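J.: Sharing a structure, written as structure tokens. Questions coming.
The numbers here are math on the coordinates, done by the rules we state, and not lab data. Bear in mind that the values here come from a model prediction, so they are computed numbers and not experimental data. So basically every Cβ, Gly included, is an ideal-geometry build from the backbone, and we count neighbours across all protein chains shown.
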């Protein structure tokens, strides 16, 4: 590649990254409907025509940002599943899975916000990457194996156990519960998060694990 072509390529990548960073901030703060292409152009300090040139419609840019945010979580989940595979106790595995997901969202609140905006905008949940499918398949395989071994209740579908784990962890960060209860209980958000995580594990594991 010639020197001039390299400079053009670097300049293009820098422009795309500026647009993506600006779009991510605005989409997380204001959602799809609350963010215009003009807002993104102003935030990125680029001409609006450049956004259309590189990404096309706003929907394309939204899908890209949303998928990148979610993919970060999925890769973290796959890494966790690979490390936790040696523990045969499904109760310990579930407790660890709940904690991993909860703590990831705690450190990356943009995941909870972007998924909440996705729902509020009535968009179809079209996230369906190979990594996402693989992570879900691994979780379901472990849950079903534990049910066959009598470690989990068999009258609750494995898919429903997974859904409850996913919704109950992300839902905590998608509403005003944290602020309301931190005020009522005189706890910091960090202390309240820990109390919720411990309580969630007790309630969920008590419901799906036979006595």
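J.: Pick from 11, 144, 113: which is most flexible by mean-square fluctuation in a GNM of the chain where alpha carbon atoms under 10 Å apart are linked?
T.: 11
J.: Would you mind ranking 61, 111 so that the residue whose beta carbon has the fewest other beta carbons within 10 Å leads the list? Display every interim value, and only then the final one.
T.: Numbers: 61 24, 111 21.
Going from least to most buried by this count: 111, 61.
J.: Turning to a different aspect of this structure: Only Cα pairs within less than 10 Å get springs; with that Gaussian network setup on the chain, which residue of 140, 120, 185 has the largest fluctuation?
T.: Looking only at 140, 120, 185, the biggest GNM fluctuation is shown by 185.
J.: With the radius of gyration and the Kirkwood radius both derived from the Cα set of the chain, what is their ratio Rg to Rh?
T.: Numbers: Rg = 20.7 Å, Rh = 19.5 Å.
Computed over Cα atoms, the ratio is 1.06.
J.: Find the centroid of the Cα atoms in segment 20-84 and in segment 109-182, then give the distance between the two in whole Å.
T.: With segment 20-84 and segment 109-182 each reduced to a Cα centre, they are spaced 22 Å.
J.: A further question follows. Ranked by Cβ crowding within 10 angstrom, fewest neighbours first, how are 179, 62 ordered? Working shown, then result.
T.: Numbers: 179 11, 62 21.
So the ranking, lowest neighbour count to highest, is 179, 62.
J.: Find the all-direction average of the projected area of the Cα convex hull for segment 1-56, expressing the result in square nanometres with one decimal place.
T.: Working: hull surface 15.7 nm².
Seen from a random direction, the Cα hull of segment 1-56 projects 3.9 nm² on average.
J.: At 7 Å along the Cα-to-beta-carbon direction for both residue 140 and residue 64, put a label point, then send me their distance in nm to one decimal.
T.: Simple spin-label model gives 3.1 nm for this pair.
J.: Restricting to Cα pairs below 8 Å that are 6+ residues apart, what does the relative contact order work out to for the chain? Please round to a whole percent.
T.: Working: 142 pairs, mean separation 44.1, N = 211.
Worked out over the chain, it gives 21 percent.
J.: Here's something else I'd like to know. Exposure proxy check: 89, 176, 72, 193 ranked by fewest other beta carbons within 10 Å? Intermediate results must be reported in sequence, preceding the final value.
T.: Values: 89 11, 176 7, 72 14, 193 19.
Lowest count first: 176, 89, 72, 193.
J.: Here is a further query. Quick one: angle between helix 3-30 and the longest Cα principal axis of the chain, in degrees between 0 and 90, rounded to 10, please.
T.: 50 degrees
J.: Which distance in nm do the two modelled labels at residue 123 and residue 108 give, with both placed 7 Å along the Cα-to-Cβ direction?
T.: Roughly 1.7 nm, to one decimal.
J.: For segment 1-56, calculate the relative contact order in percent as a whole number, restricting contacts to Cα pairs under 8 Å that are 6 or more residues apart. Don't skip to the end; give the middle numbers.
T.: Details: 25 pairs, mean separation 17.6, N = 56.
Computed over segment 1-56, the figure is 31 percent.
J.: Between residue 168 and residue 52, what's the calculated FRET efficiency when r is the beta-carbon distance and R0 is 30 Å? Round to 0.05.
T.: Numbers: r = 40 Å, r/R0 = 1.33.
Result of the calculation: an efficiency of 0.15.
J.: Say we join alpha carbon atoms closer than 10 Å with springs in a Gaussian network model of the chain; which of 146, 191, 162 then has the biggest fluctuation?
T.: Comparing 146, 191, 162 in the GNM, the peak value goes to 191.
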